[in-house]
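> Okay, here's the structure, questions in a sec.
The values are calculated or read from the model by the stated rules, or taken from the named source; none is laboratory data. As the structure is a prediction and not an experimental result, all values here were calculated from the model. As a convention, Cβ positions derive from the backbone with ideal geometry for all residues, glycine included, and neighbour counts pool all protein chains shown. Each accessible area value is taken on the protein alone, full model and side chains, heavy atoms only, with ligands, DNA and RNA left out. Shrake-Rupley method; radii C 1.70, N 1.55, O 1.52, S 1.80 Å.
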Amino acid sequence: MRFSFSRFLSIILLAACILPALTADRAQQPKPKVSPTPPVNEGDQEPIKTFIRRVRLPITVVDKKGQFVPGLTKNDFLVFEDKIPQQIETFSDDIGQSESLYVAVLMDTSPSTAGKLKFEQESAMNFIQTVVRPRKDRALFATFDHDITLRQDFTDKLDLLDRAVFGVKNLGNQTALYDAIWQFCDEKLRSAAGRRVLVVITDGEDTYSRANLRDAVDIAQRTETTIFAIATKAGFISTVPGVEAGEVKDKGDRDLVKLAEETGGVAFFTGDMLSLERSFNKISKELRAQYLVTYKPVNDRYDGSVRQIEVKLAGSRGNLKVRTKHGYKAIADSVRP
């Protein structure tokens, strides 16, 4: 059959009319989503995180007799990071009154505390009663052995804390000190809306943690938490030989001292209630007598390096001692400002 040229021309003209219409129709159709995203409920949204761009330093100044020194000003302090001078941005000398205090009290319930549980419980509760101001401050109470147990979350109600402290009956079989410090700094103190303090009441060294001493110091520094350690090695029997004079007996003692000093706190070694109460009173007075300095690091790179901090007093003040945290790891962490 011969193909007619006129028929071929008709087919071409018909295609010219139909194709634009098909193209326009397809263009009007909505494009399918590549990866549909379900609607996010308001309660499921991630909390807004604030990255640390300032370093906050609670600072304690004492004289040779260990008495706290009031009345200093911003111009009395010199701050160095990796030996480089830093510009102080804000300064406060009344943080003991103006800021709320959030205290996490962690009590050792490992086998070595057998026979001293009541002593530790009275130690914990006496400390809480000494430091926490109702309607102003908050405290939580937890225990650690092979398990880490939150007994009472942050509250200012002393009856609830008392019930939690003296409700402890059973002991565990290991000592997970560093894991406990990591967990409560990371999960509780990180978001606390005030000054952050962690008090450890223990009689021995860590035997069970996955974290180590450096990890515990690191998380405390990053969450701006000051650690105070209360060592109850001797219970009611006697004080630890040599420790009463400021000496350190063993690795456990040295680790407690490092844990406290690296974060700006103090380790106390005591074995009787009278000296224990003096330790509690000293901590309470220190928390009311601290200065607060903030600065923006000259080196603003968050490269994971460890930065060393040193605070000095201007002028010839060799008779005074300054205590604050020794440094921090430069990572873009997220804590409540």
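> Considering the zone a paramagnetic label at T90 would reach in this model (a point 7 Å from Cα along the Cα-to-Cβ line), which residues of segment 282-297 have amide N under 14 Å from it?
Counting only backbone N, you get 292-296.
> From the cross-link list K65/K282; K74/K258; K258/K312; K136/K258; K136/K296; K296/K325, which pairs have alpha carbons spaced over 24 Å apart?
K74/K258; K136/K258; K136/K296
> Based on the Cβ-Cβ distance of L158 and N75, what FRET efficiency does E = 1/(1 + (r/R0)^6) give at R0 = 30 Å, to the nearest 0.05? Don't jump to the answer; show the numbers that get you there.
Details: r = 41 Å, r/R0 = 1.35.
The computed FRET efficiency comes out at 0.15.
> Turning to a different aspect of this structure: For K282 and K321, calculate 0.36 nm times their separation in residues minus their Cα-Cα distance, and state this gained length in nm to one decimal.
12.5 nm
> Another one. What does the charge add up to near S284, with Lys and Arg as +1, Asp and Glu as -1, over the other residues with Cβ less than 14 Å from its Cβ?
Taking every Cβ under 14 Å from that of S284, the sum is +4.
> Right, another one. I'd like the accessible area for K249: 1.4 Å probe, protein heavy atoms, all chains in place, Å² to the nearest 10.
Taking all protein chains as shown, K249 has close to 120 Å².
> Something else: Hey, can you grab everything whose amide H is under 5 Å from the amide H of K233? Only 5+ residues off in sequence or another chain; H modelled, so Pro and N-termini drop out.
Hits under the 5 Å cutoff: T270.
> Further, regarding this structure: Rounded to the nearest 20 debye, what is the charge dipole size of segment 152-225 about its Cα centre when +1 sits on each Lys and Arg Cβ and -1 on each Asp and Glu Cβ?
My answer is approximately 160 debye.
> Report the residues of segment 76-115 in range of a label on V298: point 7 Å along Cα→C-beta, backbone N strictly under 20 Å from it.
Residues 76-91 fall inside that zone.
> So, by mean Cβ neighbours within 10 angstrom, what's the order for 167-180, 137-150 with the highest one leading?
137-150, 167-180
> I want to check the label-to-label distance for K118 and E187. Put each point 7 Å from Cα in the C-beta direction and report it in nm to one decimal.
3.2
> Within the set of other residues whose C-beta is less than 11 Å from the C-beta of D108, count the net charge using Lys and Arg as +1 and Asp and Glu as -1.
Charge balance in the 11 Å sphere: -3.
> Also, quick follow-up: Can you order the peptides 201-209, 309-317 by their average number of other Cβ atoms within 10 Å per residue, highest first? It would help to have the intermediate numbers written out before the result.
Values: 201-209: 19.9, 309-317: 14.0.
Going by the mean number of other Cβ atoms within 10 Å, highest first, we get 201-209, 309-317.
> Ok, one more. Under a Cβ-Cβ cut-off of 9 Å, what is the net charge of the residues other than S209 that fall near it, where Lys and Arg count +1 and Asp and Glu count -1?
On the way: positive: R210; negative: D179, D206, D215.
Spelling it out: positives minus negatives among the neighbours equals -2.
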